[in-house]
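Structure first, then comments.
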Amino acid sequence: MGYIIAMAGKGGTGKTTIAALIARVIIEKKLGSLLLIDADPNSNLGELLGVNLTESIGSILDNLTNHPESLPENFPKDRFIELKVQEAVYEAKGFDLLAMGRPEGPGCYCYINNILRSLISKLANNYDYVIIDNEAGLEHLSRKTTRSLDVLLVISDNSSIGLKSAKRIIELADSLKIQAKKSFLLINRAQTAIIEKISLNQLFYLGALDFDPLVEELSSSGKPLTELPEQAKAFNQLKEIGEKIWSNTR
Ligand SMILES: Nc1ncnc2c1ncn2[C@@H]1O[C@H](COP(=O)(O)OP(=O)(O)OP(=O)(O)O)[C@@H](O)[C@H]1O
Ligand SMILES: [Mg+2]
């Protein structure tokens, strides 16, 4: 059964960066098979890992809308989409990647979300680890996963507004009945590692990730985090943070 980590946090806090770096830790430590799910319609997780995805659940749905004749006769549509989505799982070196993408047509994402929800549970069983990178806001998460999460990783900056927002996310997760075995708070881009005592209900304070100029440099030149050198501060800190996550949830 896959060990599922889902990212949460307000916009721009570092969810995708941290998801990509945790992926690198899992890959480089050879912890097991890994599926990354880019559940943000403005996907960029693939890019951060040096993968240029052309297919997504969105593009599959668009194809089917534009070419309804591609659905074999007497073949259930849902089953067909499921097969196509399984085919769209990109096999990269050390991990697989599936992107939600965005459908071109009007309408909501409910349909995609429903597909994702049933698929995540099925797909997750084929991997040792699953990391779901989410868009900011949690409402989407509730529609995406029925299976309980192992870890909800809430990323916040080091401000009191950021922390309040992290707290709201946890309250929202509770009210949406998102079941995570453990919810962690990770402070990102901490200028100092000194974080005041944080008493957030049910949130286990994991630690702080420093601002890393090398991460910023790669990001501003559009390079993937796979190019981040082994000795980079962010990478080493995340190795330690990873250990803390595993030891508190296993
Ligand atoms: N520890 C860090 N040190 C330096 N730069 C960082 C760090 N963490 C994130 N960044 C930079 O901050 C920016 C936002 O990060 P990222 O895209 O991961 O956030 P996000 O939470 O996924 O955003 P969104 O809500 O838009 O999906 C990126 O340019 C990233 O390179
Ligand atoms: Mg992101």
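So here's what we get for this one:
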item	result
Subset of region 31-42 [surrounded by 22 or more Cβ atoms within 10 Å (Cβ to Cβ) and of a type in the set (G, A, S)]	A39
Looking only at region 137-157, and only at residues there that are part of a loop (DSSP other than H, G, I, E, B) and modelled with pLDDT under 85, the one that is surrounded by the most Cβ atoms within 10 Å (Cβ to Cβ)	T145
Count - residues of region 6-31 that are more than 18 Å from S219 (Cα to Cα), in contact with a helix residue (DSSP H, G or I) (Cβ under 7 Å, 6 or more places away or on another chain) and not charged (D, E, K, R)	5
Residue satisfying all of: in region 220-250; hydroxyl-bearing (S, T, Y) and surrounded by fewer than 14 Cβ atoms within 10 Å (Cβ to Cβ); nearest to ligand 2 (Cβ to nearest atom) among these	S220
Single unsatisfied condition, L36 versus (1) assigned to a strand (DSSP E or B); (2) away from ligand 1 (no atom under 14 Å from the Cβ)	(2)
Per-region count, region 209-219, residues touching a helix residue (DSSP H, G or I) at 6+ places or on another chain (Cβ under 8 Å) and more than 16 Å from ligand 2 (Cβ to nearest atom)	3
Considering residues of region 205-250 that are more than 9 Å from ligand 1 (Cβ to nearest atom) and in a strand (DSSP E or B) only, the residue nearest to T17 (Cα to Cα)	A208
Tally of residues being assigned to a loop (DSSP other than H, G, I, E, B) and closer than 20 Å to I37 by Cα across region 73-96	5
Single residue of region 53-72 satisfying the filter (of a type in the set (A, V, I, L, M) and outside any helix (DSSP H, G or I)) that is surrounded by the fewest Cβ atoms within 10 Å (Cβ to Cβ)	L71
Among (1) out of contact with any helix residue (DSSP H, G or I) (no Cβ under 7 Å at 6 or more places or on another chain); (2) in contact (Cβ under 8 Å) with a residue 12 or more places away in the chain - the single one E73 does not satisfy	(2)
Among residues of region 125-137, those that are more than 16 Å from ligand 1 (Cβ to nearest atom), within 21 Å of N44 (Cα to Cα) and not aromatic (F, W, Y), counted	1
Which listed residue, of A19, A23, A6, is among the hydrophobic types (A, V, I, L, M, F, W, C), under 13 Å from the mean Cα position of the chain (by Cα), more than 12 Å from ligand 2 (Cβ to nearest atom) and assigned to a helix (DSSP H, G or I)	A23
So S118, is it assigned to a helix (DSSP H, G or I) and either at pLDDT 75 or above or closer than 30 Å to G32 by Cα (or both)	yes
Residues (on the phi > 0 side of the Ramachandran plot and surrounded by 24 or more Cβ atoms within 10 Å (Cβ to Cβ)) located in region 3-19	G9
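The values are calculated or read from the model by the stated rules, or taken from the named source; none is laboratory data. What you see is a predicted model, and the numbers here were worked out from it, not measured in a lab. No Cβ is skipped: glycine too gets one built from the backbone with ideal geometry, and neighbour counts run over all protein chains shown.
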